[in-house]
1. Kindly evaluate R113 against the criterion of being buried (at least 21 other Cβ atoms within 10 Å of the Cβ), in contact (Cβ under 8 Å) with a residue 40 or more places away in the chain and among the basic types (K, R).
2. Which residues, counting only those in the range 183-203, are surrounded by fewer than 17 Cβ atoms within 10 Å (Cβ to Cβ) and not polar (S, T, N, Q)?
3. Restricting to the range 179-206, name every residue that is in contact with a Phe, Trp or Tyr (Cβ under 9 Å, 6 or more places away or on another chain) and hydrophobic (A, V, I, L, M, F, W, C).
4. Are any residues in the range 146-169 hydroxyl-bearing (S, T, Y) and more than 23 Å from G123 (Cα to Cα), and if so, which ones?
5. If you go through the range 47-104 one residue at a time, how many are buried (at least 20 other Cβ atoms within 10 Å of the Cβ), over 13 Å from the mean Cα position of the chain (by Cα) and of a type in the set (A, V, I, L, M)?
6. For the range 15-109, list the helices (runs of 4 or more DSSP H) that sit wholly inside it and hold at least 2 residues that are farther than 20 Å from I134 by Cβ and modelled with pLDDT of 90 or more; which are they?
7. Does E202 count as under 30 Å from S51 (Cα atoms) and of a type in the set (D, E)?
8. Could you tell me which numbered condition Q115 fails, if it satisfies all but one of (1) over 14 Å from the mean Cα position of the chain (by Cα); (2) closer than 16 Å to T161 by Cα?
Amino acid sequence: MARDRGPQCKQCRREGIKLFLKGERCLTDKCGVERRAYPPGEHGRIRQKQSEYRVQLREKQKARRFYGVLERQFRAYYDRASRQPGVTGENLLRMLEARFDNVLVRLGFAASRRQARQLILHGHWTVDGRRVDIPSYQLRPGQVITLRTDTKVVDSVRDSTDLVSAIPAWLQADHDGLTAKVLRPPERTEIDTPVQEQLIVELYSK
């Protein structure tokens with residue numbers, strides 16, 4: 001299964017903001033952005049010209065890295081979003097938010113999307129009573145997420161719940177029972193992803 005195995009802190013430094021790719025570490029002084037607030041590489045400290053294409057590309061890369069999606073997958077999401085009624089950029093973000101691995105992070109059941117991906121791939125979670133081991137699985141309103149009773153990662157999941165400050169209004173979580181429910185699709189105002197989706201639409205529309 002394809003996945004990004006590159007250094008995560010370098011990705012945050014390249015985009016110039018914290019993407020919270022390493023969970024709790026991103027909240028400490030060891031965060032790469034805190035220690036070296038400039039892009040990685042030999043020319044990282046050199047001020048470069050910000051062309052229109054460069055700004056759009058960086059926005060797309062930022063969204064891709066934030067959700068842990070490869071380029072081919074991201075383009076497929078965009079194509080689906082463009083065929084749906086409504087605003088393409090908002091449709092794109094809604095689909096990315098509804099990914100199983102992202103929802104676990106939003107609920108506080110995983111410290112990072114990479115950890116959530118691992119928990120899902122190892123079959124620790126069920127959706128409506130059925131085991132789902134696909135991180136990109138699109139969750140729908142009304143579906144119930146539950147941690148399997150015979151799993152050995154309960155302590156790890158409970159530790160992750162301490163890192164979340166608030167649960168989005170479109171989700172419902174029971175941190176004691178380690179269950180959750182998708183109430184409805186998220187509104188754009190409820191998605192705090194640090195991207196301007198219109199720039200992504202402009203990039204792909206060329």
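1. Numbers: buried (at least 21 other Cβ atoms within 10 Å of the Cβ): yes; in contact (Cβ under 8 Å) with a residue 40 or more places away in the chain: yes; among the basic types (K, R): yes.
Answer is yes for this residue.
2. In the first step, residues of the range 183-203 are kept if they are surrounded by fewer than 17 Cβ atoms within 10 Å (Cβ to Cβ); the result is 183-185, 187-190, 192-194, 196, 198.
Across the range 183-203, the qualifying residues are L183, R184, P185, E187, R188, E190, D192, P194.
3. If we filter the range 179-206 for residues that are in contact with a Phe, Trp or Tyr (Cβ under 9 Å, 6 or more places away or on another chain), which is where we start, we get 180, 182-187, 190, 193-195, 200-201, 203-204, 206.
Across the range 179-206, the qualifying residues are A180, V182, L183, V195, I200, V201, L203.
4. Residue satisfying the conditions is S165 alone.
5. So the count comes out to 1.
6. On the way: elements: 32-35, 52-67, 71-83, 88-97, 100-107.
Correct list: 52-67, 71-83, 88-97.
7. Values: under 30 Å from S51 (Cα atoms): yes; of a type in the set (D, E): yes.
Yes: the conditions hold for E202.
8. (1)
The values are calculated or read from the model by the stated rules, or taken from the named source; none is laboratory data. Just so you know, these numbers come straight off a predicted model, no measurement behind them. We place every Cβ from the backbone using ideal geometry, glycine too, and count neighbours over all the protein chains shown.
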